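The values are calculated or read from the model by the stated rules, or taken from the named source; none is laboratory data. Values in this document were obtained by computation on a predicted structure and should not be read as measured data. Ideal geometry is used to build each Cβ from the backbone, glycine not excepted, and the neighbour counts take in all protein chains shown.
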Amino acid sequence: MTKHFLALHDFSEIELNGMLTLARELKDKQKRGVPHRLLEGKSVALIFEKASTRTRISFEVGVFQLGGHGLFISSGTSQMGRGEPIKDSARVMARYCDGVMIRTFGQEIVDEFARYSDVPVINGLTDLFHPCQIMADLLTVIEHKGSCKELVYAWVGDGNNMANTWIEAAAIFGFELRLACPQGYQPDAAVMAWAQAKAPGKITLTNDPKAAVTGADVINTDVWASMGQEDEQKQREKDFTGYCLDDALLALAKADCIVLHCLPAHRGEEISDSVIEGKNSVVWDEAENRLHVQKAIMATLIK
């Protein structure tokens, strides 16, 4: 049976730890210039229905470093953008390629694509989940803290795909997660219910950013208006008043707290310039780690 990477909840802690361990090994090999062509002769279709910087570059470079060939496919220049059924595209691409990555809007799109694909499908981002990014975040935490367990995590901002995937990670790995989201911007209710049933007491939701970050080991935030929500920007700026991760808010966390942001960042909105450029920020390590975890995911799934 083909194994896909659509959401973290499809995997056990042991399986995800295996990918994180492989990511560290591949990162070490890349830094030392040691070849690791685990996808020699393989082709991976990279489908983009949303704009991208880090996802596109890290996947294309990752496939190349693994010895494979990545094909950039924009929905606007393919038959998918002209209304070809997802299941038709999936079955055809599986005949040509050894794996597929999709960055799109609805989670139902990657789910349907995977249902009809005979090769592994990787979720590069949907409006519901962003599993590759959270894997990169976890790798970054491990590098700076030694482990991703026994820590207090704080999420400050929109209950978006990042928040939903952090909730999954907290339930799977069993760490404490506090989410501070304005009223009306809470994470997905079904995701919260699943996670709280799996890890009772580990995940809390508040409207108070100060309560969330006090004593935290890791703080994460994201833009207030994600792609497709630009018309809500002005209203969200009002609704997210007090949710900027600035020096005053950071001071409530542990002194050695690390700060994450998946980028792009709107400096002065969800995060201050002084924090993202400050000593607690590991944002650039986090961005780099997209490359390494995605290589590990591809190497694990694509045979």
Practice task
Give Leu205, Leu263, Leu291 a once-over and let me know the one that is part of a strand (DSSP E or B) and either touching a Ser or Thr at 6+ places or on another chain (Cβ under 8 Å) or not assigned by TED's automatic domain parsing to the domain that holds Asn123 (or both).
Solution key: Leu205
Fill in the blank from the handout: Residues in the stretch 189-232 that are touching a residue at least 60 places away in the same chain (Cβ under 8 Å) and more than 22 Å from the chain's Cα centre (by Cα) total 1
Handout entry: Leading residue by the ranking (farthest from Arg236 (Cα to Cα)) among those in the stretch 134-166 that are touching a residue at least 60 places away in the same chain (Cβ under 8 Å) and of a type in the set (Gly, Ala, Ser)
Key = Ala136
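Which of the residues that make up the stretch 133-156 are among the polar types (S, T, N, Q) and closer than 12 Å to Ile258 by Cβ? Step through it out loud before you land on a result.
Taking the stretch 133-156 as the starting set, the residues that turn out to be among the polar types (S, T, N, Q) are 133, 140, 147.
Within the stretch 133-156, just Thr140 meets the criteria.
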Practice task
Please specify each residue of the stretch 261-301 satisfying the condition of being of a type in the set (A, V, I, L, M, F, W, C) and more than 20 Å from the chain's Cα centre (by Cα).
Solution key: Val275
Handout entry: Residue that is nearest to the chain's Cα centre (by Cα) [pool: residues in the stretch 115-170 that are closer than 25 Å to Phe72 by Cα and of a type in the set (Phe, Trp, Tyr)]
Key = Phe129
Practice task
Enumerate the pairs (first residue in the stretch 50-70 and β-branched (Val, Ile, Thr); second residue anywhere and in a helix (DSSP H, G or I)) with beta-carbon separation below 8 Å, excluding pairs fewer than 6 apart on the same chain, so at least 6 apart or on different chains.
Solution key: Thr55/Cys132; Thr55/Arg290; Val61/Leu291; Val63/Met298
Problem - Flag if Arg82 is modelled with pLDDT under 95 and either surrounded by fewer than 17 Cβ atoms within 10 Å (Cβ to Cβ) or of a type in the set (Asp, Glu) (or both) - result: yes
